[in-house]
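Heads up: the structure comes next, in C-alpha cells.
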Amino acid sequence: MTNTTMDPITDDSFPDRARAEEIAEKVERFVRDVVIPYESDPRRDHHDCPTDELTQEMRAKAREAGVLTPHIFPEGGHLSQRGTAMVLIRSGLSPLGPLACNTAAPDEGNMFLLGKMGSDLIKERFLKPIVAGEKRSAFFMTEPSQEGGAGSDPSMMMTECHKDGDEWVINGRKAFITGAQGAGVGIIMAKAPEGASMFLVDLPNPAIQIDNVPNTMDSSMPGGHATLTIKNLRVPEDQMLGAAGDGFRYAQVRLAPARLSHCMRWLGACIRANEIATDYVNRRMAFGKQLIDHEGVGFMLAENKIDLQQCQLMIDWCASVLDRGEQGGTESSMAKVAVSEALMRIADRCVQVMGGNGLTEHTIVEQVFREIRAFRVYDGPTEVHKWSLAKKIKRDWKRDNG
C-alpha cells in the first residue's frame, strides 16, 4: 500500500526537529511492519478492547525496536510538543499503535503531568513504571451524571477527601474512568476543604471497587471506561500531587497537551483510513470505470486531503503555542474542535466511498469511524469548547470596549 503519511511542517523553528523526525520514522516503520498485523489478533476483552496480554506482547517488541515511549527520553527529557506531534501521528497509524508504543491516552497525559509536577517520590514510584510500559494508569475525575457528579464541569465534583493524621481519606463515585480495570497507577481527583486535590495511588486497591465497565462504541483502550466506588481510601500525605487545593491548576497543566495529543493520534488513524479508502477506489470498478473517476467519489477524497492538511496545520500551530510556554487553553480548545470535527468528516467519507466494505471488520475503517465519533466527546465535547470560546470572545470584547 502506498505510504501517504503527511509530510511534516517544513520550517525549522523548533530545535529538536531532526531528533523528532528520526524517532517518527522509526515509529512509523514499527507500526506498519509489526503492529498492523496484530489488528486481527483475537485477544480482546468483553468490550472488544485489546487485552493486557496483547498490549504487553506488543510493548516488548516496541522495547526491542527502541520505540517504547519514544517521546520521553531516559534522562527524563521530553520532545517538544511539535516534535511529539510528529511521533504521535505516526504511532496512530494503527488503533493499536499508541498502545504498543506507550503513547496512548490516558497514560501519555498522565506521564506529562507527573513529569512536570511530581515529587521525586512520585516520579520514582508512580511515573517510572508507566514510562517503562510496565503499568497502565487511569485518571479518576469524571463522576456519574445521574448522581449529579462532575463531567465537563469539574466544579461539580462530589468525591470528597479529608485529612486524618498523616493520611487523606477519600470517598466518592467515579464514572467513565478509562483503563481503570487492569491499571497499576491511579490519579484521583477529590474535593478537600482547600479545593480540588490530586492523589497518586497503587492499583488495584480494596477501597476502590469497580462496579461495571459499560460497553461503548470505541474499542481501542484496554480496561474500557469503568464506573467505580471509592470507600474510605486512605492515602499517605506524600502521595498528594502538590498541595491541597492545587488540583484544578494541575489539571490545566495536563489538559491542553492531552487534548492535543488526542488530535495527533487520531489524525494518524484517519491518514491510514484514507490510505485504505484511496486504495479501494483506485482498484474497484463500477459503472464502467474506476470509482476514483466518478466525480462524487473523487471529490470526497479531495475533501479528505484538504481536511487532513488543515488538521496537520492546526495541530502544529497549537503545539507551537505550548512550546512557547503558554498555557494554550484557548488554542487547544480551537484545535480540539477543528480537528475532531474534520476527522469525523474524513472517517465518514472513507466509509462512504468503500460502500458495504467500509462497514465491515475486514479493514480498520469502520473502527476508526467509531473511535473518531467517541473522540468528539473525549476531553470535552465540541459544544463545551465552543461555549468556552464564546465566553472568551465576550470577555475580550468587554476588555476592549470598557
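The residue pairs whose first member lies in the stretch 174-201 and is over 20 Å from Thr55 (Cβ atoms) and open to solvent by less than 10 Å² (accessible area, probe 1.4 Å), whose second member is acidic (Asp, Glu) and not in a strand (DSSP E or B), and whose beta carbons are closer than 7 Å, counting only pairs six or more residues apart or on different chains, are Lys174/Glu143; Ala175/Glu143; Ser197/Asp246. Does Glu64 count as over 30 Å from Cys161 (Cα atoms), out of contact with any Lys or Arg (no Cβ under 6 Å at 6 or more places or on another chain) and not in a loop (DSSP other than H, G, I, E, B)? For Glu64, the condition - over 30 Å from Cys161 (Cα atoms), out of contact with any Lys or Arg (no Cβ under 6 Å at 6 or more places or on another chain) and not in a loop (DSSP other than H, G, I, E, B) - is met. Select from the stretch 250-297 the residues that are of a type in the set (S, T, N, Q) and closer than 13 Å to Cys350 by Cβ and write down the one among them that is nearest to the chain's Cα centre (by Cα). Checking each candidate, the answer is Asn274. Taken over the stretch 352-402, residues that are in contact with a His (Cβ under 8 Å, 6 or more places away or on another chain) and not in a loop (DSSP other than H, G, I, E, B) amount to 1. One residue alone among Pro222, Pro206, Pro214 is open to solvent by 50 Å² or more (accessible area, probe 1.4 Å), under 30 Å from Arg43 (Cβ atoms) and not in a strand (DSSP E or B), and that residue is Pro206. Scanning the stretch 363-379 for residues that are of a type in the set (Gly, Ala, Ser) and without any contact (Cβ under 8 Å) to a residue 60 or more places away in the chain gives no hits. Across the stretch 306-329, the qualifying residues are those that are open to solvent by 40 Å² or more (accessible area, probe 1.4 Å) and touching a residue at least 24 places away in the same chain (Cβ under 8 Å), and the one among them that is nearest to His78 (Cα to Cα) is Asp323.
Pairs are defined by a Cβ separation below 8 Å, a sequence spacing of at least 6 or placement on different chains, a first member in the stretch 261-287 that is without any contact (Cβ under 8 Å) to a residue 12 or more places away in the chain, and a second member that is assigned to a helix (DSSP H, G or I) and open to solvent by 10 Å² or more (accessible area, probe 1.4 Å); the pairs so defined are Asn282/Leu291; Asn282/Ile292; Arg284/Leu291; Met285/Leu291.
Across the stretch 137-171, the qualifying residues are those that are more than 19 Å from the chain's Cα centre (by Cα) and of a type in the set (Ser, Thr, Tyr), and the one among them that is farthest from Asn110 (Cα to Cα) is Ser145.
Entry remark, the stretch 224-252: residues being within 18 Å of Asp107 (Cβ to Cβ) and in contact with a strand residue (DSSP E or B) (Cβ under 6 Å, 6 or more places away or on another chain) number 4 in total.
When Gly242 is tested against (1) in a helix (DSSP H, G or I); (2) on the phi > 0 side of the Ramachandran plot, exactly one condition is not met: (1). Checked against the criteria, Ala347 does not count as under 26 Å from Ile177 (Cα atoms), free of Cβ contacts under 8 Å to residues at least 40 places away in the same chain, surrounded by 20 or more Cβ atoms within 10 Å (Cβ to Cβ) and out of contact with any Asp or Glu (no Cβ under 6 Å at 6 or more places or on another chain).
When the stretch 230-249 is examined, which residues are found to be open to solvent by less than 40 Å² (accessible area, probe 1.4 Å) and more than 21 Å from the chain's Cα centre (by Cα)? Matches in the stretch 230-249: Ile230, Leu233, Val235, Gln239, Met240, Leu241, Ala244, Gly245, Asp246. Scanning the stretch 94-111 for residues that are touching a His at 6+ places or on another chain (Cβ under 7 Å) and either among the small types (Gly, Ala, Ser) or open to solvent by 10 Å² or more (accessible area, probe 1.4 Å) (or both) yields one hit, Ala105.
In the stretch 268-282, the count of residues that are in a helix (DSSP H, G or I), open to solvent by 40 Å² or more (accessible area, probe 1.4 Å), over 24 Å from Ser119 (Cα atoms) and not polar (S, T, N, Q) is one or more. Take the stretch 76-93 and flag every residue that is among the hydroxyl-bearing types (Ser, Thr, Tyr) and surrounded by 24 or more Cβ atoms within 10 Å (Cβ to Cβ). Within the stretch 76-93, Thr84, Ser91 meet the criteria.
The single condition from (1) modelled with pLDDT of 95 or more; (2) hydroxyl-bearing (Ser, Thr, Tyr); (3) surrounded by 14 or more Cβ atoms within 10 Å (Cβ to Cβ) that Ser40 fails is (3).
Looking at Ile187, is it of a type in the set (Val, Ile, Thr), out of contact with any His (no Cβ under 6 Å at 6 or more places or on another chain), closer than 27 Å to Gly115 by Cα and at pLDDT 95 or above? Yes, satisfied. Here the condition is being out of contact with any His (no Cβ under 8 Å at 6 or more places or on another chain) and at pLDDT 95 or above; of Pro129, Pro154, it holds for Pro129 alone. Of Phe112, Phe139, all but one fail to be in a strand (DSSP E or B) and over 21 Å from Phe30 (Cα atoms); the exception is Phe139.
The values are calculated or read from the model by the stated rules, or taken from the named source; none is laboratory data. Just so it is clear, the structure is predicted and the values come from calculations on it, not from any experiment. Because the Cβ atoms are built from the backbone with ideal geometry, glycine has one as well, and the counts that use them run over all protein chains shown. Accessible surface is based on the protein model in full, side chains and every heavy atom, while ligands, DNA and RNA are left aside. Shrake-Rupley method; radii C 1.70, N 1.55, O 1.52, S 1.80 Å.
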